[in-house]
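Structure first, then comments.
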Amino acid sequence: MSELRIAVLGVGVMGADHVARITSQISGARVAVVNDYLAEKAEQVVASVPGARVAGDPLDAIAADDVDAVLLATPGPTHEKQLLACLEHRKPVLCEKPLTTDVDTSLEMVRREAELETPLIQVGFMRRFDPEYQQLKALIDGGELGRPLVMHCVHRNPAVPPGFDSSMVVKDSLVHEVDVTRFLLGEEIASVQIIRPTPNSAAPAGLLDPQIAIFRTQSGRHVDVEVFVTTGVGYEVRTEVVGERGSATIGLDVGLIHKSSPGRWGGQITPGFRERFGLAYDIEVQRWVDAVRSGVNVNGPTAWDGYAAAAVCAAGVRSLETGETVAVELADRMDG
Ligand code: ISE
């Protein structure tokens with residue numbers, strides 16, 4: 001295939017980032033069409049992309065003859081309809097999380113894709129492409145740590161956008177550790193418990209933050225996660241895996257430590273996820289482009305991964321209400 005012509009739907013922060021990334025860093029692809037529910041925003045973004053046009057309707061963009069593949073960065077509630085259109089028109093799609101906003105429709109996406117017998121949907125869990133997570137995965141799979149038994153995670157954000165509620169701490173933030181757990185340990189999560197410590201007095205009224213999540217995997221391994229999204233400090237994502245023969249940690253920002261007079265040492269904390277995972281996004285999009293151009297279409301988290309994450313988060317949201325451990329209900333696999 002010659003250059004892949006991509007429609008980017010939704011050009012808020014992430015979508016606009018992807019447009020810039022595809023235009024300036026990704027080889028073998030270009031942005032052909034841009035759509036946003038704010039027409040002005042789409043016009044503004046397209047102005048920086050030679051040869052691209054604005055589409056007024058996302059479904060027209062998906063169906064268009066000058067579009068080979070779709071990058072979906074629209075708000076979650078619109079994903080279901082747009083993904084179904086991608087399947088109908090057999091257009092490979094890289095869908096930013098969430099796959100859809102609930103478990104049933106996520107499973108339906110898995111089903112509909114399986115019926116086509118061609119993988120088309122990749123979900124944007126970008127941490128899988130981060131070089132540190134890749135190294136950690138290689139260390140685990142190489143056996144150097146022995147059998148992993150426990151994982152400790154920290155996920156801290158300096159702030160969250162207006163309207164971010166307690167369930168979003170689970171569905172929007174913790175969802176990354178859900179995916180990381182499944183990726184690193186290679187098995188499903190069987191149950192979730194969310195513990196609610198005293199809320200941060202600086203958090204918006206009513207927001208339960210921080211939250212502590214405890215996952216138990218199907219084979220009985222333990223994962224704990226501190227999610228704290230209003231620290232006011234910086235972006236911190238750490239993961240420690242403890243195995244039978246050793247442990248390994250990523251996300252310490254050690255590259256940024258400095259020493260200075262008078263006898264001080266210190267460093268910088270990454271300000272946000274776009275800086276921390278910028279390289280992961282670059283690798284993710286390049287591999288997806290290469291996969292689509294070679295006819296494989298998906299080279300990363302699948303629709304099933306999006307569905308499994310939704311199922312774990314749904315259990316997490318139920319636990320958030322009661323504090324009890326909630327079992328994760330998963331359908332049988334149907335995606336081969
Ligand atoms: C945001 O939506 C992301 O996906 C970030 O990676 C995550 O760290 C943040 O907590 C979410 O709100």
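The values are calculated or read from the model by the stated rules, or taken from the named source; none is laboratory data. A quick note: this is a predicted structure, and the numbers were derived from the prediction, not measured. Neighbour counts run over all protein chains shown; Cβ positions are idealised from the backbone, glycine included. Surface accessibility is based on the protein's heavy atoms, side chains included, excluding ligands, DNA and RNA. Shrake-Rupley method; radii C 1.70, N 1.55, O 1.52, S 1.80 Å.
When Val192 is tested against (1) away from the ligand (no atom under 16 Å from the Cβ); (2) without any contact (Cβ under 8 Å) to a residue 60 or more places away in the chain, just one condition goes unmet, and that condition is (2). The condition (being part of a loop (DSSP other than H, G, I, E, B), under 22 Å from Ala308 (Cβ atoms) and more than 16 Å from the ligand (Cβ to nearest atom)) is satisfied by just one residue among Thr118, Thr105, Thr101: Thr118. Within segment 165-181, the set of residues being of a type in the set (Asp, Glu), assigned to a helix (DSSP H, G or I) and more than 8 Å from the ligand (Cβ to nearest atom) comprises Glu177, Asp179. The residues in segment 35-72 that are surrounded by fewer than 23 Cβ atoms within 10 Å (Cβ to Cβ) and touching an Asp or Glu at 6+ places or on another chain (Cβ under 7 Å) can be counted, and the count is 1. In segment 1-34, what residues are more than 21 Å from the chain's Cα centre (by Cα) and open to solvent by less than 50 Å² (accessible area, probe 1.4 Å)? Across segment 1-34, the qualifying residues are Leu4, Gly28, Ala29, Val31, Ala32, Val33, Val34. Go through segment 129-152 and report how many residues are out of contact with any Leu (no Cβ under 9 Å at 6 or more places or on another chain) and hydrophobic (A, V, I, L, M, F, W, C). Of the residues in segment 129-152, 3 are out of contact with any Leu (no Cβ under 9 Å at 6 or more places or on another chain) and hydrophobic (A, V, I, L, M, F, W, C). Quick one: what pairs do we get from segment 266-280, first residue modelled with pLDDT under 95 and of a type in the set (A, V, I, L, M, F, W, C), second more than 13 Å from the ligand (Cβ to nearest atom) and in a loop (DSSP other than H, G, I, E, B), C-beta under 9 Å, 6+ apart or different chains? Here the result reads Ile269/Val233; Ile269/Asp253, each pair linking segment 266-280 to a residue that is more than 13 Å from the ligand (Cβ to nearest atom) and in a loop (DSSP other than H, G, I, E, B).
Among the residues of segment 314-336, those that are assigned to a helix (DSSP H, G or I) and open to solvent by less than 40 Å² (accessible area, probe 1.4 Å) comprise Ala314, Ala315, Gly316, Val317, Ser319, Leu320.
Considering Pro162, Pro197, which residue is farther than 22 Å from Leu252 by Cβ and away from the ligand (no atom under 13 Å from the Cβ)? From the options Pro162, Pro197, the qualifying one is Pro197. Flag: Arg111 does not match the condition of being charged (D, E, K, R) and either open to solvent by less than 10 Å² (accessible area, probe 1.4 Å) or touching a helix residue (DSSP H, G or I) at 6+ places or on another chain (Cβ under 8 Å) (or both).
Would you mention how many residues in segment 263-302 are part of a helix (DSSP H, G or I), over 14 Å from the mean Cα position of the chain (by Cα) and under 14 Å from Phe125 (Cβ atoms)? Residues in segment 263-302 being part of a helix (DSSP H, G or I), over 14 Å from the mean Cα position of the chain (by Cα) and under 14 Å from Phe125 (Cβ atoms): 2 in total. Determine, yes or no, whether Val154 is part of a strand (DSSP E or B), over 21 Å from Tyr307 (Cβ atoms), away from the ligand (no atom under 16 Å from the Cβ) and among the β-branched types (Val, Ile, Thr). No.
Every listed requirement among (1) without any contact (Cβ under 8 Å) to a residue 24 or more places away in the chain; (2) in contact with a Gly (Cβ under 7 Å, 6 or more places away or on another chain) is met by Cys95 save one, (1).
Scanning segment 132-151 for residues that are assigned to a helix (DSSP H, G or I) and either within 16 Å of the ligand (Cβ to nearest atom) or open to solvent by less than 30 Å² (accessible area, probe 1.4 Å) (or both) yields Glu132, Tyr133, Leu136, Ile140. Of the residues making up segment 198-253, those that are open to solvent by 40 Å² or more (accessible area, probe 1.4 Å), touching a residue at least 40 places away in the same chain (Cβ under 8 Å) and among the small types (Gly, Ala, Ser) are Gly206, Gly232, Ser247.
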